[in-house]
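Below is one structure, written out as structure tokens, with a few remarks after it.
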Amino acid sequence: MTESPQRIAELLALYRRTHYDVALPGGIRATLRIDEPPPRSITEWIAADAHAVYLTACNPHSRTLTAADNEARLDELRRRLRRAGARWLEGTAAIPDQPWREASLLTAGLPLERFDTLARAFGQNASVHVRADAPARLRLHRGDWRGLAPPGDALEWDDG
């Protein structure tokens, strides 16, 4: 199900505009943005882990599902993360001044390749790769987009 180069460019532009909000312990909220360094509160949460990944199981391949279907998928993602020994924080991805909201998780404690496997298993086009020492990057999980996606410094590819 390969999208057109125009549709891919539109989706990537939307992902770049998105605010990736995270609910941290103590009622603190923080926001990740593509190509911006993570807030200090998030780098402190990442701590000894090399990275974190902002991930969802909702709306595979950007196709809208019902709220019940999305919640069931997110519950399954949480179960898989728990079994793998990962940790996570709840989050919501949203574009300011737009009605779209998507429940998501900021996850840590696993190798990047394990997060890639989960993203592909749940049909995700992309996730957000977060390191304490670098700007957040959009990580693409669609091999069929390679060569079709416009180049960008804040993009990286899942090679799985």
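Laboratory data are not the source of any read-out in this text; all were calculated from the coordinates shown. Computed from a predicted model, the values in this text were never measured in an experiment. Cβ: placed from backbone, ideal geometry, glycine included. Neighbour counts: every protein chain shown.
One way to sum up the overall shape of segment 1-153 is the equivalent ellipsoid from its Cα gyration tensor, whose semi-axes run 22, 18, 16 Å, largest first. Converting phi to 3J(HN,Hα) with the Karplus coefficients 6.51, -1.76 and 1.60 and the offset θ = phi - 60°, segment 25-41 yields x, x, x, 7, 10, 9, 10, 9, 9, 5, 6, 10, x, x, x, 4, 4 Hz in sequence order, with x at every glycine or proline. With point charges of +1 on the Cβ of Lys and Arg and -1 on the Cβ of Asp and Glu, referenced to the Cα centre of the chain, which listed residue (Pro135, Ala103, Gly85) lies farthest in the positive direction of the dipole? The Cα lying farthest towards the positive end belongs to Gly85. Loop-located chymotrypsin sites (Phe, Trp or Tyr not before Pro) in segment 11-117 (DSSP state not H, G, I, E or B) with no more than 13 neighbouring Cβ atoms inside 10 Å: Trp100. In this rough spin-label picture, where each label sits 7 Å from Cα along the Cβ direction, the Ala48-Asp75 distance is 3.4 nm. Please compute the length gained on full extension between Arg82 and Ala134, using 0.36 nm multiplied by the number of residues separating them and subtracting their Cα-Cα distance. Gain on stretching Arg82 to Ala134: 16.0 nm. Which residues in segment 132-159 have a backbone N closer than 18 Å to a point placed 7 Å from the Cα of Ala121 along the Cα-to-Cβ line? In segment 132-159, the label zone of Ala121 (backbone N under 18 Å from the point 7 Å along Cα→Cβ) covers 141-142, 158-159.
Working note: 222 nm ellipticity from helices only, DSSP H runs with n ≥ 4, each -39,500 (n - 2.57), summed and divided by the residues of the chain, gives -9500 deg cm²/dmol to the nearest 500.
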